[in-house]
Every structure is written in C-alpha cells, then in structure tokens.
Amino acid sequence: MSNDRNWREKERSLSEVIRKYPDVSPFVIIKTDVQRRGVLYTEKALAAVDPDIHLTKLRSDYSNKEDLTPVSLTMRDGTSINVGDEGSGDAHSDRDPYQVDVVDGKIVLVDEGNVIEEVSYWEKPDYYEKVTSRGTPMWHVVSPRPQRLCIHPHQQCDFWKTPGYGCKFCTMSAVYHAGNKPELLNTQDIVETVAEALKEPGRNVNIFLTGGTLRGGKNFLDEELDCYIDILAGITRLFGGKRFPSQLISTAFSREQLRRLHDSTGLASYTADLEVLNKSLFEWICPGKAATIGYEEWKNRLYEAVEIFGRGNVDTGIVAGVELAQPNGFQTEEEALESTLSEADEISSHGVGVVGCVWKVHPGSVFRKQTSPSLEYYVRLARGLDQIRRKYNLSIDMDNYRRCGNHPDTDLSRI
Amino acid sequence: MMSAILGEEIKRALADPGTVRAVATVGKDGAPHIAFKQSLRLRGDGNLEYDEGIETSQTNKNLVYSIWFGKTVSISLLTPDRCGYNIVGRPLRVLIAGREFRTHYTAAREERGDIDLSAVWVIEPVASYEQSFDKRRQEEEAAHPLLQHLDRLTVTGQ
Ligand code: SF4
C-alpha cells in the first residue's frame, strides 16, 4: 500500500502525462512510472515464470534474491524496466505498485484494472547454473541484465563504515547486512565467470563493474583502483588485450589513478556518480563523498576523465528525484528541474554525459520515509537530459538503452 | 486475419529469394526513408520480420519512432517477374535479446559470416495490395473512368 492513499489525486496520471507530452515516448513514460512505483505479480503472472528460462534469482550490489519472482521486465520496443534489482512490491511503498498479470495469454502491466502494456520477463543466461573452478556458483559472481554482465566486486561500501557517511538513498549496506554475501568477490571467480558468459552468442554487449567504495591504499582509493585493475586486466586478456565495450562506475579517481586505470586495462568508458547536481544537497545526501572528495573536485575528476577516456566515454549518474527530498531539498519540482538541468548543461559542456536513474524510495535507506516526485517531473527531466546531450552532440552509446536500462533519458536518445 | 491480409501471391513473393524487399519508414522529422531489407520474411505467426544489422540505421530509428507513436510502415516487394506488392505494417515488437533473438543472430552469422545483428523487427501486416502496373491500370480505369486521355478512347482518331 502507498504511504498516502490519496496520492493519485495530487499528480497527473499516466494517461494524462502521456497526453501532455506527445513528443515523449509513451513506452519510456510507462517504464519510468513502473520503476517509480514498482510491481506486484499476480498468481497468473507467477505461474507464467519458468525458472529454467527466466531470470529469478539475483545477487548483485543491491540485490540478494532467490525467490521465483522475475528479476525484471522488457517492453515490446526493447526497453528494460528495472524493477527487480532492489526488490519489488512492498519495497516501493510511497505509491501503489503496478500489477503484472496475464490477460488473453499475454503478460501485461495493469493499473486500477486497466491493461497498460505488454511485457516479457528477462531471460536467464547460459552460465547461470554453472560453478567456477573454486566451486563458487557463477550467479553469485556476475549478475546479468538482458545484454550486460554486471560485476560488483565490493558488495559493501566503506562510507557506511563511518557513521553518517553513507548516501541517504542507498541500500547497499542494508542488503549486505541482511544476507550472506561475501564483502569482496574473488578475482579468479569473476574472470572465469565472464569467460563462460561470453561463450553465449548474441547476448552481451557490455561488461560493467561497480561496487562500494574502498578507501584504503597508499593514496585514498588506491585499494578500489587496484581491485578494478586486477579484474579488468584479467577480462582484458579475454579480448586479446584490446579495448572492449565496458563501463566502470567507481568513486571519483584522481587524474593519476584514471591514467593508470585507462593504460593498464581495456576499459572503454568511465563513470563516477555525482548522484545529485547541487553542491549543498550533495553535502547533505552524500556526506561521505562530500567529506572525502567534495562536489567541485568530483566534477573536476570527471572532466579529467574526459581527457583520458575521450568525449562520449565519460558520464555521471544522478538519482533523479532526490533533489526534492525534504527538508533540505528543493521546495518545488519547477525549481528542482531548472536547477538540475542547468547544472547538467554545465557538466555536459565539458563532455560529460548526465544520466538519470529513477529514484525509488527503499525501506533500507535513510530516505525510506520520503516521497519521490511526480511522474511528470521525471518525464520533463528525462527529456531535458536528452536534449542537453543533443545540444552538445554528446554520444551516449556507453550507457544506452541496452546497457543499464535504468535511464529514461538515454532511452529517449534512440531516435 | 493475418493470412487474409497477406494473400497467397504475396506469400509466394516473400518465399522467393529473388524478390526485392524495400521498407519505407518515417521518423520524427517527417522525412521518408526507404531501405532494402532482403532478410524480410514471413513468420510462422503470420507477421513479418527482418534482421536489422545496424543499430543507428535510419530505418531502425524510424521503426523505434513508429512503435513508440503508433505509426505504420510501408513495405514494397518486386518479384523477379516484375510483380509488385505493397504491405502496410505496424511494428509490433523488436527482439534485441533472448532465445528467439539468439536463434536469428546465430542463423544470420552462419549465413553471412562475421556480421553483427542489432535487432529483429516484427511487423504486423494491416493491409496489402498488388502494385503491378497492369493490375493497377485496370483498377484505375474501372474505378476512375473519367481520368483518362480522350485520344485513347476515340473510335475515329486512332
Ligand atoms: S558511495 Fe554512496 S551510493 Fe555508492 S555504495 Fe557508497 S553509500 Fe551507496
């Protein structure tokens, strides 16, 4: 159930938003709302799940599930809806979730009894039930999206080890403590699993790494850097030492660290997430990042990454909507939109793409009692971010709809 | 329904490897775009499908635009004996991953060597008609008998 029973009366409905923004893909609007509100599966929808074919169990940085609900959904236009990474249904308690049901033999999204759109379940990759030579189940090591292999070597975050330092929307530490995941994955397990996964024809278009911050080492973050270099070096050998479609989201590395990362691996693109495009909100929402690197320096490091990885190969992610968290966030959506897009424009003018994730309010986060913005806000933000990239002729191939699948704005870049 | 939209002659044309297949689409700027898609074929479910090899091709972008905003596309077939057919279709879904996509990906690479496959578009036919000149001329004269040059019709002036 939603926190606020009357939430529907306070914002435009899905169909009203689709009508109001005829230039924005209805598929992307639906995806955005489903990500914002989450889903619940009916019995018929669950009966349509075949665990031999569909992806149900998932262990990743933000997930540790072994039930038989689908991990997530794909729409008819190929758009991914990432509902499963962080749990479904009651994990999205700020508004009523959509239902996934079966109507006329088709799996569909339903809201208030109305069929919204047909969807299908993500499929399981070939490597999933295999084990590494060390006996580790491969699904514990690499988590799949429909076309991406995701590696999360550090499943906890050092910022959560300092009281008050964790990002306020983040559930990584809560998921880690609730389960039986190791804090660090074994590099040999990872490289073996990736090698096995790459045997599947026509599935993967990207290898993606991210995980919690590792603060240690000779210089701040050297431990995190060495961890990624170790893994990436092993994977790079699978590609004959050449650069390959790949993305790393890390804590913002210094110029020297970025240079070492680029020169000693085949990594093709780089991301360091600012999470929120406002200095004082960054300091409130991401206190660990703010205290150790700071907002302006984080941006500088992104600009330095462009010099090293090249234009179009660097972006930064935002948890779209947290800028409206209270009491310190913007008071109106209008204000939030104007400020966020203007800062995104400034960052993009330096060759760094800005991509948004739909903020889901999660029970395991500090922000668990917050309410995410209206659907209309997300639609305007996604449209604005797409327009900014077009203005600067900034390619988003590195983070397009086939890769993360969590960015409505990069879905819009398809046409 | 679908089999009624695609008559036997069109199915024969689709089955003939010598038939030339063109897909005409429109994108967000309204500019029409035609591309030859020789992989266009009939599916078991009565819909059409073709292999899209280029992710950023204009046709691929226009098909995304069409599925998003409910637009139709136009498909032209020209057989080796110069019979022409036109099919109006609606993009129904695009396969970019999963078992079905993998089957097409593997088959395309077996047939054409080291190519990549971006997507398989499934297009639902919603109308079709024969476009051969002789057939169209007969239809035109029957439906619009007033739209002809008179010198062709006189019995004295030949
Ligand atoms: S840096 Fe912030 S968002 Fe990332 S894992 Fe740590 S606490 Fe979570």
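Here are a few things to note about the model shown:
- When restricted to residues that are open to solvent by 20 Å² or more (accessible area, probe 1.4 Å) and either within 19 Å of A:GLU9 (Cα to Cα) or among the charged types (D, E, K, R) (or both), the range A:369-401 contains 9.
- Some residue of the range A:187-194 being within 14 Å of the ligand (Cβ to nearest atom), away from chain B (no Cβ under 14 Å) and either open to solvent by 50 Å² or more (accessible area, probe 1.4 Å) or part of a strand (DSSP E or B) (or both): no
- Filter result for A:ASN204 (surrounded by fewer than 15 Cβ atoms within 10 Å (Cβ to Cβ) and within 29 Å of A:GLU275 (Cα to Cα)): no
- Exactly one residue out of A:THR292, A:THR271, A:THR210, A:THR265 is more than 14 Å from chain B (Cβ to nearest Cβ), on the phi < 0 side of the Ramachandran plot, more than 15 Å from the ligand (Cβ to nearest atom) and of a type in the set (Val, Ile, Thr): that is A:THR265.
- Long-range neighbours under 7 Å by Cβ, at least six apart or interchain, first residue among the basic types (Lys, Arg) within the range A:373-398, second not in a helix (DSSP H, G or I): A:ARG383/A:VAL24; A:ARG389/A:GLY353; A:ARG389/A:ILE396; A:ARG389/A:SER413
- Filter result for B:ILE96 (surrounded by 17 or more Cβ atoms within 10 Å (Cβ to Cβ) and within 14 Å of another protein chain (Cβ to nearest Cβ)): yes
- Here B:TYR50 does not qualify as touching a residue at least 24 places away in the same chain (Cβ under 8 Å) and at the interface with chain A (Cβ under 8 Å from one of its Cβ atoms).
- Among the candidates A:PRO97, A:PRO137, A:PRO125, residue that is more than 27 Å from A:ASP33 (Cα to Cα) and surrounded by 19 or more Cβ atoms within 10 Å (Cβ to Cβ): A:PRO125
- All conditions in (1) away from chain B (no Cβ under 14 Å); (2) in a helix (DSSP H, G or I) hold for A:TYR128, with the sole exception of (1).
- Any hit, the range A:31-40, residues being buried (at least 18 other Cβ atoms within 10 Å of the Cβ) and within 13 Å of chain B (Cβ to nearest Cβ): yes
- Against the criterion of being touching a residue at least 40 places away in the same chain (Cβ under 8 Å) and more than 16 Å from the ligand (Cβ to nearest atom), A:ASP226 does not qualify.
- A:PHE169 being more than 16 Å from the chain's Cα centre (by Cα) and more than 14 Å from every other protein chain (Cβ to nearest Cβ): no
- Subset tally (residues that are away from chain A (no Cβ under 12 Å) and open to solvent by 10 Å² or more (accessible area, probe 1.4 Å)) for the range B:58-83: 9
- Odd one out for B:GLN148, checked against (1) under 30 Å from A:PRO201 (Cβ atoms); (2) in contact with an Asp or Glu (Cβ under 7 Å, 6 or more places away or on another chain); (3) not acidic (Asp, Glu): (1)
- Of the residues A:THR316, A:THR371, A:THR410, the single one that is assigned to a strand (DSSP E or B) and polar (S, T, N, Q) is A:THR316.
- Every pair of residues 6+ apart whose Cβ atoms lie under 8 Å, when the first sits in the range A:59-80 and is open to solvent by less than 30 Å² (accessible area, probe 1.4 Å) while the second is acidic (Asp, Glu) and assigned to a strand (DSSP E or B): A:MET75/A:GLU117; A:MET75/A:GLU118
- Of the residues making up the range A:215-270, those that are farther than 23 Å from A:CYS404 by Cα and in a loop (DSSP other than H, G, I, E, B) are A:ARG215, A:GLY216, A:GLY217, A:LYS218, A:ASN219, A:PHE220, A:LEU221, A:GLY240, A:GLY241, A:SER254.
- The residues of the range B:99-112 that are surrounded by fewer than 15 Cβ atoms within 10 Å (Cβ to Cβ) and of a type in the set (A, V, I, L, M, F, W, C) amount to a single one, B:ALA107.
- Some residue of the range A:9-19 being within 14 Å of chain B (Cβ to nearest Cβ) and among the charged types (D, E, K, R): yes
- Condition check for A:SER143: under 13 Å from A:LEU58 (Cβ atoms), assigned to a strand (DSSP E or B) and at pLDDT 95 or above: yes
- Being hydroxyl-bearing (Ser, Thr, Tyr), more than 12 Å from the ligand (Cβ to nearest atom) and out of contact with any Asp or Glu (no Cβ under 7 Å at 6 or more places or on another chain) holds for only one residue in A:SER173, A:SER143, and it is A:SER143.
- Against the test of being open to solvent by 50 Å² or more (accessible area, probe 1.4 Å) and under 14 Å from the mean Cα position of the chain (by Cα), the options B:LEU6, B:LEU42 yield a single qualifying residue, B:LEU42.
- Answer residue from the range A:229-255, given it is of a type in the set (A, V, I, L, M) and farther than 24 Å from A:TYR295 by Cα and is nearest to the ligand (Cβ to nearest atom) among those: A:ILE231
- For the range A:305-317, the condition holds for at least one residue, the condition being that it is over 22 Å from A:ARG402 (Cβ atoms) and out of contact with any helix residue (DSSP H, G or I) (no Cβ under 6 Å at 6 or more places or on another chain).
- Taken together, the criteria exclude A:ASP50 from residues that are away from the ligand (no atom under 16 Å from the Cβ), assigned to a loop (DSSP other than H, G, I, E, B) and within 29 Å of A:GLN188 (Cα to Cα).
The values are calculated or read from the model by the stated rules, or taken from the named source; none is laboratory data. The model shown is predicted, which means the values in this text are computed figures rather than measured ones. Because the Cβ atoms are built from the backbone with ideal geometry, glycine has one as well, and the counts that use them run over all protein chains shown. To get the accessible areas, we keep the full protein, side chains included, count just its heavy atoms, and leave off ligands, DNA and RNA. Shrake-Rupley method; radii C 1.70, N 1.55, O 1.52, S 1.80 Å.
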